[in-house]
Amino acid sequence: MRHNVSGRKFNRTKSHRDAMLANMAASLLEHKKLHTTEAKAKELRPFAEAIITKAKHALVREKQNLLPAGQTVDIHNRRLVYKIIRNKGVIQELFDAIAPVVEARNGGYCRITKTGTRRGDAARTAIIELVDWSAPVDGAVSNKRKKKSTSNKTSKKATTNKEKVEKPITKEAVTPVETAPEESVAPVVETAPVVEEAQSVETAPEESVAPVETTDTTEETKNNTENN
């Protein structure tokens, strides 16, 4: 069991691991940001912050004139850092540019931001960056959605209703509404019903028929017999 064992081996020897951290620290100080795995970023943070602290102490000693006689630059701390980072350009950047900016900060010079998993081996990745050279995130609003309060809605409705009531209506404000011209309607012609026309038709006068004289044959026979 690994009880009270600090640090990660990364499946490397000590010399290989120290060289890897030194190279990563040099890249971080040069570019102010480094994208790597989450485990390497967690190992790199205390390693890089110790180097930055040495540069800050050197700056304080130079300002307070605590150097040996005849020295204007803290050579001791520069040599300690040069044992780890063998790049003179990065050391000059560290002591001349980074140290004055982080002088008032009591530790915590680096920030780690997780960026999910890496495609291929699904390793958890992260970005380690210097706080004073990164985008400001202190006091940022969280991405959680806040519930909208109904009181704001009611207050807005009340104010709008008050504005509607208080606003006087003037004649100038009222614009006449243009009405479309009425279409000319043709007068309706009343037609008599068909039944009345049929009644009003004059019928032709009936022809006078002469009455037919009918003679009674019985009376004629009687007269004839009497004459005889």
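The values are calculated or read from the model by the stated rules, or taken from the named source; none is laboratory data. On a predicted model such as this, the values are computed, not experimentally measured, just so you know. For the accessible areas, the whole protein counts, side chains as well, though only heavy atoms, and no ligand, DNA or RNA atoms are used. Shrake-Rupley method; radii C 1.70, N 1.55, O 1.52, S 1.80 Å.
Listing for the model above:
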{"quantity": "Value of relative contact order over region 52-97, rounded to a whole percent, pairs C-alpha under 8 Å and six or more apart", "calculated": "42"}
{"quantity": "Computed over region 36-87, Kirkwood Rh from alpha-carbon pairs, angstrom", "calculated": "12.4"}
{"quantity": "Contact order relative to length of region 1-111, as percent, for alpha carbon pairs under 8 angstrom and 6 or more apart", "calculated": "30"}
{"quantity": "Over 18 Å (Cα to Cα) - which of LYS9/LYS54; LYS63/LYS88; LYS9/LYS40; LYS9/LYS88; LYS42/LYS83 fall in this group", "calculated": "LYS9/LYS54; LYS63/LYS88; LYS9/LYS88; LYS42/LYS83"}
{"quantity": "Cα-Cα P(r), region 13-117, percent of pairs per 10 Å interval", "calculated": "14, 46, 30, 9, 2, 0"}
{"quantity": "Percent carbon-and-sulfur accessible area, region 1-125, ignoring ligands, DNA and RNA, probe 1.4 Å", "calculated": "49"}
{"quantity": "Accessible surface ranking that places the most exposed of ARG45, ARG78 first, with a 1.4 angstrom probe", "calculated": "ARG45, ARG78"}
